[in-house]
Amino acid sequence: MKKHLLRLALKVLHLLQPEQAHNLAIWFLKLRIFSTKIISSHKKLKVQFCNINLPNPIGLAAGFDKNAEVLPGLFSLGFGFIEVGAVTPHPQKGNKKPRIFRLREDQAVINRLGFNNLGMHQIIHKLSTYKGDGKIGLNVGVNRTSSNKILDYVSVLNYSSSAVDFLTINVSSPNTEGLRNLQSKQDLIKLVKEVMRSDVVIKDHKPILLKIAPELNDEELKSIISICGNYGISGIIATNTTTKRPNLKSSHYKQTGGLSGKPLFNISNTILAKLYYLSDGKIPLIGVGGVFSGQDAYKKICLGASVVQLYTALTYQGPTVVKKIITELKYLLEEDGYENISEAVGSKNLTYLMEETDRSIFG
Ligand SMILES: Cc1cc2nc3c(=O)[nH]c(=O)nc-3n(C[C@H](O)[C@H](O)[C@H](O)COP(=O)(O)O)c2cc1C
């Protein structure tokens, strides 16, 4: 699609309410209107993450393609991997509308969707019909009315089997009551023990990732790292949206929900850098939160992310954002003399922690 038509399509989308715009974007993606026909693989960008070979380290974060409706259209934008979901055992409608707010002046979004999705049976069936070779993760959540949250996660894991390349235990959405409490030591151990007994781990050997909130303190991060190490969690996604409201300009700043986009960048970077430092770089990390450019993606990689994800930038910059980030990343790697992106992982971790944080992590 020609550049000026893309720009026009983006303008039209921004005239609509955010959720209507999202639905229209999904429709465009179904029709493959947005295909940017890029070569998204390059030897500098090829990366292995949790034993999964990826053509590039830029992934689509969970929440955009909740129901696995538009995988070919999204891969055609250049994404190296896509995380579908969150999926819950039973279909659910989520919270009352309006529940997504554009904070244009802040290049941010607040959402309180509440895991609206078609449920595991439909979504996993849909995933099994995907014939491409793109790598796919499944973000797993719980039903709002569930009386046993752990059982909800395990039900989805057991049902999903080989339809996906990795699974994410989402204990960090701020829009389902009580979910974030599962990050506490005792609850997380209980959850992880059950998760690691599921078929998808024992029989299918799929990597399990944990997606965490950006509000965790140093002690909580230490406990999460030790639980991941002790029970065989393959990696951590840092981070989900924040309930903080850091100096926002938009009038929507008071809306309840999780904030994503630019104001989340520094907040999630600090969590990411601390995780890398505390785990001695031994736990593979996905950096997510406020990635809008190749520089942003590269920063997360230098702080310790093996790969990155984005969501909000896609809604502000449109479908060419992936192509732009990939081009910028190649240039940045060239400039720093790296043969492959994996060489840059964690390269600026200590400098960042010393210069840009309160150094609490050093004890
Ligand atoms: C509308 C919306 C829906 C989301 N839904 C989910 C979800 O279902 N599961 C999840 O783990 N994260 C979800 N997220 C969080 C994103 O995956 C990501 O962690 C967050 O938006 C930060 O990245 P960004 O700043 O690039 O958007 C959602 C984000 C948005 C904006």
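By accessible area, using a 1.4 Å probe on protein heavy atoms only, the chain has 51% of its surface on carbon and sulfur. PRE reach from residue 220 (point 7 Å along Cα→Cβ): which of the stretch 131-146 fall under 20 Å by backbone N? Under cut-off, by backbone N: 140-142. Computed over the chain, relative contact order equals 17 percent, with contacts defined as Cα pairs under 8 Å that lie 6+ residues apart. Note on residue 145 and residue 244: the extension gain reaches 33.0 nm, defined as 0.36 nm multiplied by sequence separation minus the Cα-Cα distance.
Near residue 243, the amide H atoms lying under 5 Å from its own belong to 259; only residues 5 or more places off or on other chains count, and H is placed 1.01 Å from N. Computed from the Cβ-Cβ distance with R0 of 25 Å, the FRET efficiency linking residue 51 to residue 190 stands at 0.40.
Between residue 15 and residue 338, the contour length at 0.36 nm per residue exceeds the Cα-Cα span by 112.1 nm.
Projected area of the stretch 305-363, taken from the Cα convex hull and averaged over every viewing direction, in nm²?
That works out to 5.5 nm², a quarter of the Cα hull's surface.
Where both partners of a DSSP beta bridge lie in the chain, what percent of those bridges are antiparallel, to the nearest 5?
Close to 30 percent.
Rolling a 1.4 angstrom probe over the protein heavy atoms with all chains in place gives the chain an accessible area of 44 Å² per residue.
The values are calculated or read from the model by the stated rules, or taken from the named source; none is laboratory data. Just so we're clear, the structure is a prediction, and the values are computed from it rather than from any experiment. Virtual Cβ from ideal backbone geometry, glycine too; neighbours counted across all protein chains shown. Heads up: the accessible areas ignore ligands, DNA and RNA and are worked out on the full protein's heavy atoms, side chains in. Shrake-Rupley method; radii C 1.70, N 1.55, O 1.52, S 1.80 Å.
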